[in-house]
Structures are given as C-alpha cells and as structure tokens.
Amino acid sequence: MGVDREAAMRHRTVREIMTDGALCQRAPTQSVRDACCLMADARLSGVLVTERGRLVGIFTERDAFCRVFARALDPDATRLGDVMTKDPETAAPGDSVADAIRRMDEFGYSHLPVVEGERVVGLLALRDLSVQDLAAMHAELEYRHAFAERAW
C-alpha cells in the first residue's frame, strides 16, 4: 500500500465511517431476548446499553453466545445489565480511524461505541472498516502483537 493511502487513512476520522442515526439502544433492565430481536431486525451485531442517555455497556453477539447461551441462561429472564460488557472502551467522533483500529485490536473488540461528551453518537464495527484501512495497519498491528508476545 502506498504512503498516500496510509496518510489518507490516518487523517480520516471515526465520524466519517461510523454507524450513526438510529442506533440500537436498550436499557440494562431489558431482556437479552429483546436485545437479540432488535439486533436481528436491524441486522446489527451489537446493542448499546444506555441509562438516562449515558452509555453503561454494550451487548454483542459474542456476549449472547459466551455469557448467555453457553451458560444455558434464559434469555427472557436474563437482563442486559447482568451480561453486557460494562464500561467499554469508546472512541470520539474526531479520533482517527487508525487510533480506533488500535483500540479495537488492543482490547479484542469488534465494536467501539462512539461518544461525544456524555452522549452516544455512533458505533464503529469491524465491518465498517475497509480492507484498505485494515491493510494499512497490518504491519503495525503485527509488530504490536509480536512485541506483546515477547513481553510475556
């Protein structure tokens, strides 16, 4: 990949590629089934969990599989607040795409809520990232992984 593409990617912001508008949000008291139905209807793989407009967590397909279904919990009786990823890392709309990719990689996230002040304004998912964005970061991420392995 040429230097021009890499430089352009570094200057692109999260706001340019995030999913915004009608975000899928639910309260922590909602059931897992309700969240899964919302995700299925909206064809999304995550729901932001908010309380009085403030982000308190995120519930993703991975959470459903690992924290609910693998443990044979009842999705009608299980509340999002009990199985969500609490206080997830977030990005700001003005953050660079490269910084968001680093954060997602570091924490193993496939979703990154986008917050401006106290207000949730979007969601960045791995599928929002282009192949070019990921390719531009490949060498750096490989280096970071190798460095982390040597540190252990």
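The values are calculated or read from the model by the stated rules, or taken from the named source; none is laboratory data. For clarity, every value in this text was computed on a predicted model and none was experimentally measured. Glycine also receives a Cβ, built like all others from the backbone with ideal geometry; neighbour counts cover every protein chain displayed.
Applying the criterion of being buried (at least 18 other Cβ atoms within 10 Å of the Cβ) and among the small types (G, A, S) to the residues of segment 105-126, the residue that is farthest from the chain's Cα centre (by Cα) is G122. In segment 31-57, the residues that are under 15 Å from D82 (Cβ atoms) form Cβ pairs under 7 Å with partners that are among the charged types (D, E, K, R) and crowded, with 19+ Cβ neighbours inside 10 Å, at six or more places apart or across chains, as follows: D34/R26; A35/R26; V47/R26; V49/R26. Being farther than 22 Å from Y109 by Cα, modelled with pLDDT of 90 or more and assigned to a helix (DSSP H, G or I), is that true of even one residue in segment 40-53? Checked against the condition, which is being farther than 22 Å from Y109 by Cα, modelled with pLDDT of 90 or more and assigned to a helix (DSSP H, G or I), segment 40-53 yields at least one hit. Considering segment 18-39, the residues that are among the β-branched types (V, I, T) and modelled with pLDDT of 85 or more include one that is farthest from D133 (Cα to Cα), namely T29. Considered as a group, the residues in segment 46-65 that are touching a helix residue (DSSP H, G or I) at 6+ places or on another chain (Cβ under 9 Å) and surrounded by fewer than 17 Cβ atoms within 10 Å (Cβ to Cβ) include one that is farthest from A125 (Cα to Cα), and that residue is E51.
Yes/no matrix, rows are residues, columns are (1) of a type outside the set (D, E, K, R); (2) under 16 Å from C24 (Cβ atoms); (3) in contact with a Leu (Cβ under 7 Å, 6 or more places away or on another chain); (4) in a helix (DSSP H, G or I):
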position	(1), (2), (3), (4)
F65	yes, no, no, yes
D82	no, no, no, yes
A98	yes, no, no, yes
L112	yes, yes, yes, no
V120	yes, yes, yes, no
A136	yes, no, no, yes
R150	no, no, no, yes
